[in-house]
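The values are calculated or read from the model by the stated rules, or taken from the named source; none is laboratory data. Note that the coordinates shown come from a computational prediction; the quantities given were computed from them, not determined experimentally. All Cβ positions, glycine included, derive from the backbone under ideal geometry; neighbour counts span all protein chains shown. The accessibility values were calculated without ligands, DNA or RNA, using every heavy atom of the protein model including side chains. Shrake-Rupley method; radii C 1.70, N 1.55, O 1.52, S 1.80 Å.
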Amino acid sequence: MDLLSPEVQREILKCVRCRTCLPVCPTFAELEVEMDSPRGRIALAKALSEGKISVTERLVGHLYCCLDCRACETACPSGVKYGEIIESARSYVEEHWKRPKLEQLLKTLFLKKIFPYPRRLEGLAWILRFYQKSGLQTLLRKSNLTRLLPGNLGELEKMTPVLSDRSSRSTLPSIIPPKGERRYRVALLLGCITDIGFASLNEATARVLSENGCEVLTVKEQKCCGALQVHNGESKTAREMAKYNLQVFESSGADYVIVNAAGCGAMLKEYGFLLGDDPQYGERARIFSSRVWDVNEFLVDVVQANGGLRGTLNPIPKRVAYHDACHLAHGQRVRKQPRKLLQLIPALELVELKESDWCCGSAGIYNITNYDMSMRLLDRKMDNVAKTRADILAAANPGCIIQLEVGIKKRGLAMKVMHPIELLDEAYYPDHPFS
Ligand code: SF4
Ligand code: SF4
């Protein structure tokens, strides 16, 4: 992850400045500034690594305006791994740049002191749940007091998703037996936001896997994957989190690690790169990453390809549009599998969403750090979503789900956002016997 490492330097030099990536870059499309394009940012990273420029506020602005959506990687004919370049450049920036005190304090607090520790995260979730359930949130919103919050905090408050009343870590048993004969033993990544905010998604994922002959291990010692840290230049913290997770998943005895959040899946698949230069963990991380599957990918490429899905899928007579999460489509090249799963559900009509792989502006904590650009991209996404006249918008990433729900609310659309696995779960269990 070092900007000066031979691996990152090789990626920088692979860029032939052809401009093929420019039309697919959401920030370039909005701003039409070369330095806010993939080619421009690679040039900045190169100049930085050669000592031709230093870290300035302007440079930090261009590097952090990037969504890390990696649409440019999909488009690049030279196979430049842009994600590795931008993440290494941000890591370099964090070591050479002094942020304003409050900003630095919040960054350290959330990325280094809370998210890497599941119990602290649970404590934060408890406070948020109290805020949402006690009536305090309703009171503040109705009295319009949220507009007194500094900066964009008032707007951001409106975006806070309603957290689950439980964390999946507390409800899911350590081992969920397979239904029928066991085909696979898998470990489920519980995630950080997914665990506290989308407990029902983790529960649905476990049920669908169990239905398909998987013994599901929930490995309670696991922690957040480190994606938020890597995307925000905190690769040292992320490396420690990756080493820890590597050990707990290795000792779980699972054949595969299954992930239902696009950003987390891409991160686990890149532990091999993140720890690549570590003599003790490098090779182990590469082996670990090769055993990580996105849940849609696993169900289609492993389960369906080896005997098919089990059980009976009940009809869901709804019109569904599918949004490609960036870290699934571009980061993991998983596009057809979620669509295939949706098409397996009887009576479900899958409709095309224009620019389905154009970033919705969520991008980890981008909607907090770059609120205005995030909303511009959400507007563009919602223009296309509205045209589908779908009943349900499917997206395989909790971050996108939160962002798209904000867009739907803003437009007043009668649409629900669901993960494809939640739809599959609903087709298996229309009465949701467990949740
Ligand atoms: S498409 Fe690839 S090689 Fe061409 S400018 Fe973009 S990153 Fe460089
Ligand atoms: S990652 Fe996305 S926003 Fe960043 S340069 Fe590439 S296409 Fe543009």
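Set the Förster distance to 56 Å, then compute FRET efficiency between Ala414 and Gln280 from the Cβ-Cβ distance, nearest 0.05.
Working: r = 54 Å, r/R0 = 0.96.
Calculated transfer efficiency: 0.55.
Nearest 5 is fine: what % of DSSP beta bridges in the chain come out antiparallel, could you say? Provide the component values of the computation, followed by the final result.
On the way: 2 of 22 bridges.
Bridges in the chain are about 10 percent antiparallel.
Of the accessible area of the chain, with the probe set at 1.4 angstrom, what percent is carbon plus sulfur?
Whole-percent figure for carbon plus sulfur exposure: 56.
For Cα pairs less than 8 Å apart in space and 6+ apart in sequence, what is the mean separation divided by the residue count of the chain, i.e. the relative contact order in percent?
It comes to 14 percent, rounded to a whole number.
Can you give the FRET efficiency to the nearest 0.05 for Glu250 and Lys340, using r as the Cβ-Cβ distance and R₀ = 22 Å?
On the way: r = 31 Å, r/R0 = 1.40.
Efficiency at R0 = 22 Å is approximately 0.10.
So what J values fall out for the stretch 133-141 if you push phi through Karplus, 6.51 cos²θ - 1.76 cosθ + 1.60 with θ = phi - 60°, rounded to Hz, Gly and Pro as x?
Karplus values, whole Hz, x for Gly and Pro: 8, 6, x, 4, 4, 4, 4, 4, 5.
With a probe of 1.4 Å, find how much accessible area the stretch 104-159 has per residue, and write the answer as a whole number in Å².
For the stretch 104-159, the solvent-accessible area averages 68 Å² per residue.
For the stretch 363-380, just list the computed ³J(HN,Hα) in residue order, Karplus coefficients 6.51, -1.76 and 1.60, θ = phi - 60°, integers in Hz, with x standing in for Gly and Pro.
Here the 3J(HN,Hα) series is 6, x, 9, 4, 5, 9, 7, 10, 4, 5, 5, 4, 6, 4, 6, 5, 4, 4 Hz.
Enumerate the amide H contacts of Ala394 below 5 Å, restricted to partners 5 or more residues apart or on another chain; note that Pro and chain-start residues carry no placed amide H.
Ala321, Tyr322, His323, Met418
Compute the Cα gyration tensor for the chain, then decide on rounded, prolate or oblate, letting a ≥ b ≥ c be the square roots of its eigenvalues: rounded whenever a/c is under 1.5, prolate when a/b is larger than b/c in the other cases, and oblate in all that remain.
Judged from the Cα gyration tensor, the chain comes out rounded (a/c under 1.5).
Just to verify a number: FRET efficiency for Asn314 and Lys133, C-beta to C-beta distance, R0 = 41 Å, to 0.05?
For R0 = 41 Å, the calculated efficiency reads 0.80.
Return a whole-number percent for the relative contact order of the stretch 6-96, with Cα pairs under 8 Å and 6 or more residues apart as the contact set.
38
I need the shape label for the stretch 6-96. Rule: rounded when a/c is under 1.5, else prolate if a/b > b/c, else oblate, with a, b, c from the alpha carbon gyration tensor.
Values: a/c = 1.73, a/b = 1.20, b/c = 1.44.
The shape class here is oblate.
Let me know the shape class of the stretch 85-188, please: from the alpha-carbon gyration tensor, a ≥ b ≥ c as square roots of the eigenvalues, rounded when a/c is under 1.5, otherwise prolate if a/b is greater than b/c, or oblate.
Oblate shape, in that a/c is at least 1.5 and b/c is the bigger or equal ratio.
Looking at the stretch 6-75, which trypsin sites (Lys or Arg not before Pro) are DSSP coil and have at most 14 other C-beta atoms within 10 Å of their C-beta?
Here the sparse-neighbourhood loop sites are Arg17, Arg19, Lys52.
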